[in-house]
Amino acid sequence: MHPVTPHSANFQHLFEAQSRELCILQHERRALLEEKKGLTDAYAVLRQRYDERSTKLNAARHERQVALEQREEIDNAYAALKQQYDEQTKKLDAVRHERLAVLEQRQKIEENYAALWQKYEAQTNEYNSLNNKYHSTKATLEQRTSELQGVQRFLTTADTFSGSEVVNMLRKLNEEIQQCTTFMAEWVTRTLETLGTRFMQLLGTKKHKENPILMEMAFRAYLIYELYWVASPWSIGEEEQSHNVYIDAIHQRIQEAEGQAVSGNWRALTRTYTLPACISDPEVAHTFDTTIVSGFSDILVAAGCTAYKSDIASAIWSKFGEKVHHFVSLAGQVNKMIGVGVISEDFEVLVIWPDTLFNERTMEDAYDNGDRNRETQDREETVLCATELGLMQRIRVGAGTGQKGKPSELIVIKPKVALMSVIDIIE
């Protein structure tokens with residue numbers, strides 16, 4: 001062992017002091033490291049919150065900008081509307097001013113007229129006075145007699161044709177169309193846009209010699225659509241645009257405001273004196289005939305017939321011209337019956353257009369074998385084409401002048417259709 005000297009004791013003392021200080025510093029260092037870690041974690045949390053707040057703040061600023069822009073648009077629209085309102089107010093004030101001026105002028109004229117009339121009466125002798133009264137009374141009597149005759153005509157509900165006759169006529173037309181188109185489909189082996197895109201595709205791809213049912217459907221559908229315009233009361237030509245919507249709208253308003261006697265007679269008189277051509281003019285009937293024959297020719301061309309269209313049309317004229325004219329005549333009779341011949345009620349011919357959703361309450365499936373309701377009751381079906389015309393009856397019992405309301409509607413003959421599902425049967 002080395003002897004302990006004063007110098008070694010001092011060195012030992014210093015070494016122990018430094019060791020204690022080193023321990024203290026290491027402890028403080030660990031504490032600082034832990035504090036630094038805590039501060040780092042706290043900084044990360046604060047940074048995350050700052051980023052989230054920044055995102056929300058930017059979204060709020062964007063929403064505020066959008067709201068400000070919308071408010072500016074609303075303010076501009078309001079200013080424009082306010083300007084229009086002010087302009088309309090000025091115009092209204094001007095009209096009111098003009099009306100007051102006219103009323104004042106009218107009052108002055110009436111006063112002048114009254115003064116002149118008094119002078120005239122004062123200068124007229126008794127004979128002329130009596131003579132004037134006589135002629136006035138006679139004219140009044142003639143006017144009242146004429147008015148009474150007109151009122152009596154509007155109050156009658158006597159029908160030239162009964163409702164059952166209208167129903168029978170339309171059924172006869174449907175039956176004869178079916179018979180004729182069946183025969184035409186067997187005799188031959190233009191489709192129009194009204195027949196639908198699917199029809200055009202089928203006509204060009206099927207072998208009609210083996211199964212003519214598609215040809216029959218095409219002929220019948222085209223004929224049904226053309227005869228619909230002939231039979232409709234307010235039609236004035238052979239095309240859809242010929243339907244007089246304006247007169248039809250007037251008739252509906254009269255139906256809602258007046259009794260059946262008034263609305264029925266108005267309709268009959270209007271039909272008689274304004275739209276006679278579509279039911280009696282031979283030229284109009286001939287136009288329908290040629291249109292139908294031309295459409296049949298187009299159907300044959302679409303079905304693959306390679307002959308010239310003019311030759312096809314000539315053959316159809318020769319074979320079915322009289323029958324086509326007969327159909328047009330029957331539809332014209334229906335037009336006249338429901339337009340002029342029936343007063344006590346109103347009838348409307350119905351037809352269903354292609355691509356319409358099938359509704360068993362308002363139409364009937366011509367090819368329903370009895371299983372359609374069970375197999376397709378949860379599936380919407382689309383109409384391929386019409387096969388028969390339908391008829392709707394409108395009547396309002398007990399309605400008088402001044403009483404408003406829509407007449408009741410009853411479908412007495414449901415229009416028949418072929419559905420898209422019939423394609424599966426054909427195929």
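Where a number appears in this text, it was derived from the coordinates with a stated rule and is not lab data. Model, not experiment: these values are computed from the prediction. Note that each Cβ is placed from the backbone with ideal geometry, even for glycine, and that neighbours are counted across all protein chains shown.
Calculated over the range 49-141, the projected area of the Cα convex hull averaged across directions stands at 12.6 nm².
In terms of the mean number of neighbouring beta-carbon atoms within 10 Å, the peptides 266-273, 288-295 order highest first as 288-295, 266-273. Once backbone amide H atoms are built at 1.01 Å from N, Thr356 has Val383 as its partners under 5 Å, excluding neighbours fewer than 5 places away on the same chain. Look at the Cα gyration tensor of the range 271-371: its axes a ≥ b ≥ c give a/c of at least 1.5 with a/b at or below b/c, and that counts as oblate. How many angstrom separate the Cα center of the range 302-326 from the Cα center of the range 75-124? After rounding, the separation between the Cα centres reads 67 Å. Protection proxy ranking of 86-93, 248-255, 224-231, by the mean of other Cβ atoms within 10 Å over each peptide's residues and highest first, is 224-231, 248-255, 86-93.
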